[in-house]
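Colleague: There's a structure below that I have some questions on.
The values are calculated or read from the model by the stated rules, or taken from the named source; none is laboratory data. None of these values were measured; they are calculated from a predicted model. Because the Cβ atoms are built from the backbone with ideal geometry, glycine has one as well, and the counts that use them run over all protein chains shown. The protein model used for the area step is the full one, side chains on, heavy atoms only, and it has no ligands, DNA or RNA in it. Shrake-Rupley method; radii C 1.70, N 1.55, O 1.52, S 1.80 Å.
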Amino acid sequence: MSILLFEDDQVTQLYPITIGRPAFAISCGSFRLIDRVLALGSQVQVRVRPHLRAVHAADYPAAEISRAVDKPLLLVNARLVPSTGALQQLKALSEAGRPCRVDCGAYLAAAVLPGGTPLPPADAPHGDFLTLVQRAELPLVEANLPLFDYPHDVVRHHLSSLPDSLAERLAEAQYREVADGVFLAEGAALGQHVVTDTRKGPIVLERNATVGPYCFLSGPAHLGPGARVIEHAAIKDGVSLGHTTKIGGEIEGSIIEPYTNKQHHGFLGHSYLGSWVNLGAGTCNSDLKNTYGQVNMEYWGHRVPTGMQFIGTIVGDYAKSAINTGIFTGKTIGACSMLYGFVTTNVPSFVNYARLFGQVTEAPVDVMVATQARMFARRNVSQRPCDIQLLYDMYELTRHERQLAGEPLSL
């Protein structure tokens, strides 16, 4: 059976996380859905938004852009939470092979299509997959396949799924247990005088991940390949670090995507940081209201209750903060934005945000292209034409954010 990952028309509701990445490339519980699906061993195809096709083809050569197939096809919504339980249910659907559909609320989570079903053309609207399944009149089956609806859902599902994900990793790979509940892959290392607490879950370091001296690590925690934790850091209670990250200060219950730096002292709690983010020294966020009540987030001008007492900030790719930046509870930070001072509102993409000083100006996309080139060079990453084009596309796709913000933008 082949597998097809598709983005539906709700994927933009996950901005700023999904501005520059497919929904199946969101890290949650130390896994991404694309990695989960590729590990199943089936032929994997994808449908992504047009501006992501070139980058996807370069980054995921094992997953093809969708074409027609003559054998049964497992459709999977790219917003599916990549948990251990979800993976097991996808396996069960694939092995059974019976035509069916699984919904999550009002949205299609997965479906098994019989062989020879004609697929919508590559440039068809995302909603055509739902129409295709409806026309096939597939029987509805019960399965627990949750989807990400809003950005804060990524943090919520991460915290609940990380323990099972780490247990799965430990069962399937080779690690050295160097202390009770502390597992190291080849090349990983702990510095001197590191204190660990694994009463709530294991601590797993992947290949070449390192922890400096005098650090505190509290599980469950996952440090990806080549992740580097700076001396005197505290990694606590549900942290997942992507590969090639550099992390310092106090981190709690958060996801940090690859190539991001939070090297200096400062608190980051119950948050999501995209790739190529850099937080300046002393940058802190709040993840708890003074009233200790549940946090409401604002998306597209609408208040959305999270049902969460602790939720910090959602930061898009390439965002940067100056020293001593303070981010209030439950704020979203757009892609390619630059932060200064106190962040008391959501921040659009591609802006220099210094609202405390009465200045919110647009960040020119050409400046971001030059910044990307310098950042990539520091990590020995080649800047490809598709990377440059993606920044221009992200700029155009987020133009409405800057127009709706109501800020005195100086363009």
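Colleague: Past the 23 Å Cα-Cα mark, which pairs from Lys91/Lys236; Lys236/Lys262; Lys289/Lys331; Lys91/Lys200?
Modeller: Those over the limit are Lys91/Lys236; Lys91/Lys200.
Colleague: Let me ask something else. Using 0.36 nm per residue of separation minus the Cα-Cα distance, give me the extension gain between Asp70 and Arg199 in nm, one decimal.
Modeller: 41.4 nm
Colleague: Does segment 11-129 classify as rounded, prolate or oblate by the C-alpha gyration tensor (a ≥ b ≥ c root eigenvalues; a/c under 1.5 gives rounded; else a/b over b/c gives prolate, otherwise oblate)?
Modeller: Since a/c stays below 1.5, the shape of segment 11-129 is classed as rounded.
Colleague: Let me ask you something else. Please state the shape class of segment 74-220: rounded when a/c is under 1.5, otherwise prolate if a/b exceeds b/c and oblate if not, all from the C-alpha gyration tensor.
Modeller: Prolate, since a/c reaches 1.5 and a/b exceeds b/c.
Colleague: Restricting attention to segment 162-243, which trypsin sites (Lys or Arg not before Pro) occupy a DSSP loop and are surrounded by at most 10 other Cβ atoms within 10 Å?
Modeller: Answer by residue number: Arg199.
Colleague: Quick one: which residues, 5 or more positions from Tyr299 or on another chain, have an amide H under 5 Å from its amide H? H modelled 1.01 Å from N in the peptide plane, none for Pro or chain starts.
Modeller: Here Val304 satisfy the definition.
Colleague: Would you kindly state how much longer the chain becomes between Ser42 and Ala92 on full extension, computed as 0.36 nm times their sequence separation minus their alpha carbon distance, in nm to one decimal?
Modeller: Working it through step by step, the gained length comes to 16.6 nm.
Colleague: Let me ask something else about it. Which FRET efficiency value, to the nearest 0.05, is calculated for Val178 and Ala373 with the Förster distance at 51 angstrom and r the Cβ-Cβ distance?
Modeller: Approximately 0.80, to the nearest 0.05.
Colleague: When the Karplus curve 6.51 cos²θ - 1.76 cosθ + 1.60 is applied with θ = phi - 60°, which whole-Hz ³J(HN,Hα) does each residue of segment 131-141 get, with x for Gly and Pro?
Modeller: My calculation for segment 131-141 gives 4, 4, 5, 5, 5, 6, 6, 6, x, 8, 10 Hz in order.
Colleague: Pick out, in residue order, every one of the GluC sites (Glu not before Pro) in segment 195-259 that is DSSP loop and has at most 16 other C-beta atoms within 10 Å; say none if there are none.
Modeller: Glu231
Colleague: What does the accessible area of Ser160 come to, in Å² to the nearest 10, when a probe of 1.4 Å is used?
Modeller: 80
Colleague: Pairs of Cα atoms under 8 Å, at least six residues apart: use those to get the relative contact order of segment 260-411, whole percent.
Modeller: Reported as a whole number, the value is 16 percent.
Colleague: Got a number for carbon plus sulfur as a percent of the chain's accessible area, 1.4 Å probe?
Modeller: Solvent-exposed carbon and sulfur of the chain make up 52 percent of the total.
Colleague: In addition: How large is Rg/Rh for the chain, to two decimals, with Cα atoms and a Kirkwood Rh?
Modeller: 0.96
Colleague: Quick one: which residues, 5+ away or cross-chain, put their amide H under 5 Å from the amide H of Val194? H built at 1.01 Å from N.
Modeller: Tyr214, Cys215
Colleague: Using a ≥ b ≥ c from the Cα gyration tensor of segment 313-411 (square roots of the eigenvalues), is it rounded, prolate or oblate, where a/c under 1.5 gives rounded and otherwise the larger of a/b and b/c decides, a/b for prolate?
Modeller: Prolate shape, in that a/c is at least 1.5 and a/b is the bigger ratio.
Colleague: Using a 10 angstrom Cβ neighbour count of at most 16 plus a DSSP loop assignment to flag exposed chymotrypsin sites (Phe, Trp or Tyr not before Pro), which longest range of the chain is free of such sites?
Modeller: Free of exposed loop sites, the longest segment is 1-213.
Colleague: Check Ile327: other-chain or 5+ apart residues with amide H under 5 Å from its amide H, H built from backbone geometry?
Modeller: Cys284, Asn285, Ser286, Val343
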